[in-house]
Structure formats: structure tokens, C-alpha cells
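Taken together, the values in this text are just the output of simple stated rules run on the coordinates, not laboratory data. Keep in mind the model is a prediction, meaning the values are calculated, not measured. Note that we place each Cβ from the backbone using ideal geometry, even for glycine, and neighbour counts take in every protein chain shown.
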Amino acid sequence: MPLRTRLLIIKLAIVLAPLALALAAMHFLLPGCARRREAALLGGNYTSQDIGRFRIVEPRGSCLAAAIAADMEAFTAALYAEYGRALSLHPLADRITIRLFATKEDFEHFAGARIRQDVSHAEGYYDPVSWSIAIALLSDEEPRTTLFHEATHLLMARSAPLGHPDWSPWLSEGMAVFFENSTVGGREPRLGGADRSSAAHVLALARQGRHVPLRRLVGGDDALFHSEAASLCYAESGLLVAYLLTGAGRPAREAFLRYVDFERQPGPTPPGTLESYLRTPFDTLERDWLAFLQRIAP
Ligand SMILES: [Zn+2]
């Protein structure tokens with residue numbers, strides 16, 4: 001080998017060696033830093049274990065991890081089997097971290113340090129960057145409902161070809177509310193569903209003209225979903241998705257899934273898009289949706 005080539009190789013090695021060292025250090029130290037930062041935030045009160053596709057962080061002494069991992073496995077398997085293709089869900093390659101917090105305070109302390117969204121009124125959050133979901137274990141709430149809700153957000157957030165999709169609030173929350181009503185414990189998992197008592201509540205308000213009309217719901221921005229009408233908007237969105245996926249017939253279901261695909265593409269969704277996909281004006285959609293609520297209300 002000519003001297004010049006050898007000297008060039010030495011020069012290159014001198015430049016690349018520190019870079020390689022720095023990369024190796026980042027590779028080994030960054031996960032350690034993340035773990036230490038997490039330990040500092042959580043104190044010694046939490047433990048974590050990897051079970052199948054999930055890493056479960058739970059309060060020390062709690063023994064929910066195995067049951068939660070099994071139910072999340074059943075939920076994601078059913079979701080992928082029935083809607084994986086229709087919703088363009090990416091294959092589940094990376095392990096999802098699920099954090100279960102003992103108290104609302106621990107949840108807010110942890111979430112507040114990591115994400116900017118306001119979680120003071122939330123029972124859970126999802127973070128596509130760290131591929132994780134988190135909930136507070138509240139005594140009056142079934143944790144699976146919130147976990148299925150946040151998992152739906154998380155999986156839909158990664159389904160876009162380019163970055164985080166700009167879902168309309170009604171669609172994002174409607175899908176999450178629809179799938180939070182899944183039951184996976186028994187032999188026959190039931191994926192998604194309509195909350196029948198919500199249906200009765202919305203119907204009663206609609207009779208007095210006090211519900212949120214679909215035109216306003218579908219056109220509503222984040223402000224509407226954080227307003228005083230927020231909980232009604234969540235309930236109505238879930239019931240509208242339930243109607244379009246399970247109650248409006250096959251052509252409407254297929255048209256709705258094509259509409260979801262359109263929303264997934266980059267950029268906002270122009271007004272009138274849902275009507276044109278369903279080939280149904282809002283007045284007719286509203287009437288048929290209320291008739292569906294009448295059928296399912298107890
Ligand atoms: Zn949500």
C-alpha cells in the first residue's frame with residue numbers, strides 16, 4: 001500500500017475514532033440516562049417488567065402487569081385482525097411502554113415533565129415519540145377503558161405516511177371512544193361498541209335541541225373539545241363512529257373508512273368532506289344517526 005494511502009487511512013481513523021466513541025457512548029449512556037431520569041421522577045415506588053409486546057410500569061406491590069399485558073395483547077390482536085388494513089396500522093414492531101400511576105398526582109407529575117399538553121383533566125395520555133401510554137389508576141374507573149382509548153390514539157398516530165396525522169378532533173376522539181368500549185376478557189373478544197347509556201343521554205338532549213348538532217361536531221376544532229360541551233362532544237363522536245362502523249350498513253362503513261384514509265393524508269380536511277364521502281347531507285345523517293341511537297338506547 002502506498003505511503004500516501006496509509007497516511008490517509010490514519011488521518012481518517014483519527015477523525016472517525018472520537019465520533020465512533022461518542023456514538024457508542026450515546027448508545028450505552030442515553031438509555032441509562034432516560035432510565036435514571038424516569039427513576040428520579042417516579043421515586044422508588046414503581047417497578048417495570050417486559051411482558052410480550054409491552055413494558056408495564058406499575059406501582060411497587062401492585063400485581064396488575066400480567067393481566068393488563070394479556071388484555072392489551074388481546075385488544076391489539078383483535079384491532080389488527082379487524083381493522084389493521086382498513087386503518088393502515090403499522091406492524092407492531094417496537095415494545096409499547098404502559099405506565100400505570102397509583103395517583104392522579106403521580107400521573108400529572110410524570111406527564112407534566114415530559115409532554116406539553118395539559119393533563120389536569122385527562123385520565124391518560126399517549127406519546128408517539130416515546131411510543132408509550134400512561135394512565136392514573138382511579139378507584140372508580142376501569143383501567144382498560146382508558147388504556148384502550150389511549151392505545152387507539154397511539155396506533156392511529158403512527159399510521160400516517162408522513163409524521164403525525166392532523167386528525168379532526170371528532171374523528172380522533174370518536175375512534176378512541178368507540179374502541180375503548182371493547183371487551184376482550186371472554187372467549188369471544190368484542191372490538192369497539194356504543195355506550196348505550198350515552199345514547200339515551202344524547203337522545204334526551206336532542207329532543208330538547210340541547211345536543212351538539214353533527215354539523216357543528218364534525219366541523220369542531222380543539223377548542224370545542226376543551227369547552228364546557230367537551231364530554232358531550234366525546235360521547236357524540238364515539239356514537240357517530242359506532243353508527244358509521246356498525247349501524248349504517250356496509251356501503252356507509254366502507255365510505256367512512258375511505259374518509260378516515262383521506263384524513264390520514266397530510267393537511268387539514270376541508271369542510272363538507274364527510275358529507276361528500278358518505279354522499280349524505282348532514283340533515284339526513286343527523287336524522288339517521290338519531291334513529292340509530294333510538295335503536296340502541298336502553
Ligand atoms: Zn382521547
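In terms of the mean number of neighbouring beta-carbon atoms within 10 Å, the peptides 77-88, 266-277, 142-153 order highest first as 142-153, 77-88, 266-277. Karplus-based coupling profile of segment 266-281, in residue order and whole Hz: x, x, x, 9, x, x, x, 5, 4, 4, 6, 5, 7, 6, 9, x, with θ = phi - 60° in 6.51 cos²θ - 1.76 cosθ + 1.60 and x standing for Gly or Pro. Classified by the C-alpha gyration tensor, segment 169-296 has a rounded form. Its axis ratio a/c, with a ≥ b ≥ c, is below 1.5.
The GluC sites (Glu not before Pro) of segment 194-254 that DSSP puts in a loop, and whose beta carbon has at most 10 other beta carbons within 10 Å, are Glu228. Which whole-angstrom value gives the distance between the alpha carbon centres of segment 268-288 and segment 93-113? So the two Cα centres are separated by 38 Å. Along segment 237-252 the Karplus relation, 6.51 cos²θ - 1.76 cosθ + 1.60 evaluated at θ = phi - 60°, assigns HN-Hα couplings of 4, x, 6, 5, 5, 4, 4, 5, 8, 10, x, 9, x, 4, x, 5 Hz to successive residues, with x for each Gly and Pro. Counting neighbouring beta carbons within 10 Å and listing from fewest to most, the residues Cys233, Cys63 come out as Cys63, Cys233. One chain, two ends: Ser62 and Thr183. Fully extended at 0.36 nm per residue, the span grows by 41.3 nm beyond their Cα-Cα distance.
Sequentially through segment 50-61, phi angles give Karplus couplings (6.51, -1.76, 1.60; θ = phi - 60°) of 8, 10, x, 7, 10, 10, 9, 9, 9, x, 4, x Hz, Gly and Pro residues having no value and appearing as x. Spherically averaged projected area of the convex hull of Cα atoms, segment 44-157: 7.1 nm². Backbone amide hydrogens, once placed in the peptide plane, bring Arg53 within less than 5 Å of nothing, excluding anything fewer than 5 places away on its chain. Distances between placed amide hydrogens fall under 5 Å for Arg99 paired with Val57, Ile133, Ala134, Ile135, all partners being 5 or more residues away or on another chain.
Under a no-solvent Debye model with one identical scatterer per Cα of the chain, what's log10 I(q)/I(0) at q = 0.10, 0.14, 0.16 Å⁻¹? Each listed q corresponds, in turn, to -0.62, -1.08, -1.35. Among Ile68, Ile51, sorting on how many other beta-carbon atoms sit within 10 Å of each Cβ, with the fewest leading, yields Ile51, Ile68.
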